[in-house]
Amino acid sequence: MQAPSRRSLLAAGLAAASRPALAQPAAGFPNRPVRLVVPAAPGGSADIVARILAQGMTERLGQQVVIENRAGAGGLVASEFVANAPPDGHILAFFTLSAAVLNDALQERPPIDIRRALKPVSIVGTLPQLIVVNPSVPARTLRDLMDLMRSRPGRVTYASSGPGTILHLGGHMLAMQAGATAEHIPYRGAGPALSDVVAGNVNFMVEGFPSLLPFIRTGQLRALALAAPTRNANLPDLPTTDEAGLPGFHVANWHAVFAPAATPPAVMTQLETAVREAMAVPAVRTRLTETGLDLVGSTAAEAATFWDEQFRLWVPVVRASGAKAE
């Protein structure tokens, strides 16, 4: 499973971020603080990334960009709030793959049509996922884990933050592409899921850098592979899935800024420029990279194409998994 156009989006976005903006500021915008709505509680990875970006955007817009946490219903609470906000650029969403794509796919009758209600401003970055096991698991490589799953059908377990999350779908796709089956153990959040893998109660998980790195570095978890086409500087010795025996298995979360769909083009351009210029500041780039992100900083047009591709990629995966919104 490969995220389409990830390399081209990355290259184009970073190149665009390094160019000076030519657009004229939108008249009367912004005239008050801009609210960046995060569909998660404070302290999570999305909240951390949003706060770093907000500081950089504040300097570019000349108005404070404040974080507003609106957790609930897998991002639906935040989606409805931003979709119904005045389309003047002062209320934006900071979404991950889950809130922007997966939650919509999990709903039999979504209460809003997110693709009509919102439009992307910029893809901030992608967060490649790691495949990790508890050290007690007799698997030192990704091939070992796949062989173990094949030899013990349905007995190898993997943890997730709940049905339909990227942790669930990543583990499901890993077993499926390995030609095996594994038992899904869902939790209410990534923290409890991670704790049980560390404790040895669950065998493996597919999760992002920020929460896993401390446990990998202390030896409480064994990293087997990075589900991305290139290695990451945070773990330079860790092979990619391409190198480790599962070519094309690329699973990445991502962060993006969205606005209400009716936001005027001039305001959209100013917001896009603010995101890209903020990400071009060395201090901001360094802090974002330290979270494990592969930085993008795309244009709005590139973000729209990427969003469409993500729906084409993930909707069939959600359906194949059988996951539904709770």
Here is a check on your reading of the model: is VAL257 closer than 19 Å to ALA46 by Cβ, among the β-branched types (Val, Ile, Thr) and either in a helix (DSSP H, G or I) or out of contact with any Pro (no Cβ under 6 Å at 6 or more places or on another chain) (or both)? yes
Within segment 281-313, of all residues that are under 24 Å from PRO210 (Cα atoms) and among the β-branched types (Val, Ile, Thr), the one surrounded by the fewest Cβ atoms within 10 Å (Cβ to Cβ) is THR286
Checking VAL77, VAL38, VAL82 in turn, the sole residue that is surrounded by fewer than 17 Cβ atoms within 10 Å (Cβ to Cβ), within 18 Å of LEU118 (Cα to Cα) and outside the structural domain of GLY164 (by TED's automatic domain parsing) turns out to be VAL77
Within segment 145-158, restricting to residues that are in contact with a strand residue (DSSP E or B) (Cβ under 8 Å, 6 or more places away or on another chain) and at pLDDT 95 or above, the one that is farthest from GLY219 (Cα to Cα) is ARG155
Here, helices (runs of 4 or more DSSP H) confined to segment 49-148 with at least 1 residues that are in contact (Cβ under 8 Å) with a residue 12 or more places away in the chain, touching a His at 6+ places or on another chain (Cβ under 8 Å) and closer than 27 Å to VAL275 by Cα are none
If we ask which residues in segment 245-254 are part of a strand (DSSP E or B) and either without any contact (Cβ under 8 Å) to a residue 40 or more places away in the chain or farther than 20 Å from GLU309 by Cβ (or both), their number turns out to be 0
Flagged in segment 207-244 as part of a loop (DSSP other than H, G, I, E, B) and either modelled with pLDDT under 90 or assigned by TED's automatic domain parsing to the domain that holds THR289 (or both), in numbering order, are ASN232, ALA233, ASN234
Over segment 212-263, the set of residues in contact with a strand residue (DSSP E or B) (Cβ under 6 Å, 6 or more places away or on another chain) and under 30 Å from GLY28 (Cβ atoms) is HIS255, ALA256, VAL257, PHE258, ALA259, ALA261
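The values are calculated or read from the model by the stated rules, or taken from the named source; none is laboratory data. Keep in mind the model is a prediction, meaning the values are calculated, not measured. No Cβ is skipped: glycine too gets one built from the backbone with ideal geometry, and neighbour counts run over all protein chains shown.
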